[in-house]
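**Student:** Below are the structure tokens for one structure; questions will follow.
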Amino acid sequence: MAEELKSIVAATVPGGSHPRANLPTAAEDSGSYTEPAPCPTRKRGETAAHIALKRLALLWAQSRGYSVCGFEVQLPRCRFRADLAAYRPNGKEIGTTAIFECKQAFPDLRRDNGCSAVTAKRLEKVFQRRQVLEKNLRIHYPALRIPDSLFSDFDSHNFAAIEHRGYARVLRELSALQNRLFDCTKFERLIRYRCANLFFLVVSNRLFREPEIPFGWGALIESEGELVLVRKPLWHEVTSANRLKFLERIAAAGTRMLNKQSEITFEDVCAARNQSCP
């Protein structure tokens, strides 16, 4: 496992897994290094502010020893992507994994910061309210019944025909709660699925609200063009196999970026594979 890890790190970053391989050179450290750092590739719908936060997170991560990094990395064991996934080598041992999520607007932050326990409790109450309303509507509006079943007890009812405002309001809230439960609990799920050892939320100074930082996450605030750690993250144990898988996903994201820059498509890869294996 250690040898396999060493080979992956060596192939992923210049200089391999040597502890000083990715430290600044003397010219860089003295400030005479003038080559600008590359900015993340802009994806569709991404704002300039979000790109800037991702760049700052990348710089902060590398300065803390996370020498293997990747943008928009598909995380193992879940359907989510990380704005920035980072890996810090640890000699012959499997290193530390970290996830950075960048948020530049309150709606974006609060969309992923839902609590499933609170939402599920509210969802149950609204669902019971819907059942009570439908029971009463069946009694008071028997003409709404649609004879579409062999047994009358299982017939459908067209409740929308009477445009009952209370019932319509319950349906809207029920739909919103279901969407929030399944699509708006990203922060909580990343920790529950043990996707990484450490989690960092990267926000601008105006967005920082201590109570709104998800439990277990660290907080990095953008201030005067740099990130400041204002809350340390909790450590989460992750198996060696999952950390190695995490590293492979970062390498895969880097390969996709190289293919895009070199204009290599999936069809090109398949054609080359067929030529080499007649």
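**Student:** May I ask you to evaluate 6.51 cos²θ - 1.76 cosθ + 1.60, the Karplus curve with θ = phi - 60°, for each residue of the stretch 216-226 and list the ³J(HN,Hα) values in order in whole Hz, giving x for glycine and proline?
**Tutor:** With the stated coefficients, the stretch 216-226 comes to x, 9, x, 10, 10, 10, 7, 9, 6, x, 8 Hz.
**Student:** Which lysines have a Cα lying under 17 Å from the Cα of LYS260, excluding residues fewer than 8 positions away in the same chain?
**Tutor:** LYS43
**Student:** In the neighborhood of ASN205, defined by Cβ-to-Cβ distances under 12 Å, what is the net charge if each Lys or Arg adds +1 and each Asp or Glu adds -1? Walk me through the numbers on the way to the answer.
**Tutor:** On the way: positive: ARG206, ARG209; negative: GLU222, GLU224, GLU226.
Here the charged neighbours net out to -1.
**Student:** Any idea what log10 I(q)/I(0) is at q = 0.10, 0.13, 0.24 Å⁻¹ for the stretch 184-278, Debye with uniform C-alpha scatterers and no solvent?
**Tutor:** Debye intensities relative to I(0), on a log10 scale: -0.47, -0.68, -1.15.
**Student:** Once you have the Cα-Cα distance between ARG172 and SER262, take 0.36 nm times their residue separation minus that, and quote the gain in nm to one decimal.
**Tutor:** Working: separation 90, 0.36 × 90 = 32.40 nm, distance 4.76 nm.
Gain on extension, ARG172 to SER262, equals 27.6 nm.
Where a number appears in this text, it was derived from the coordinates with a stated rule and is not lab data. A quick note: this is a predicted structure, and the numbers were derived from the prediction, not measured. Note: ideal-geometry Cβ built from the backbone for every residue, glycine included; neighbour counts use all protein chains shown.
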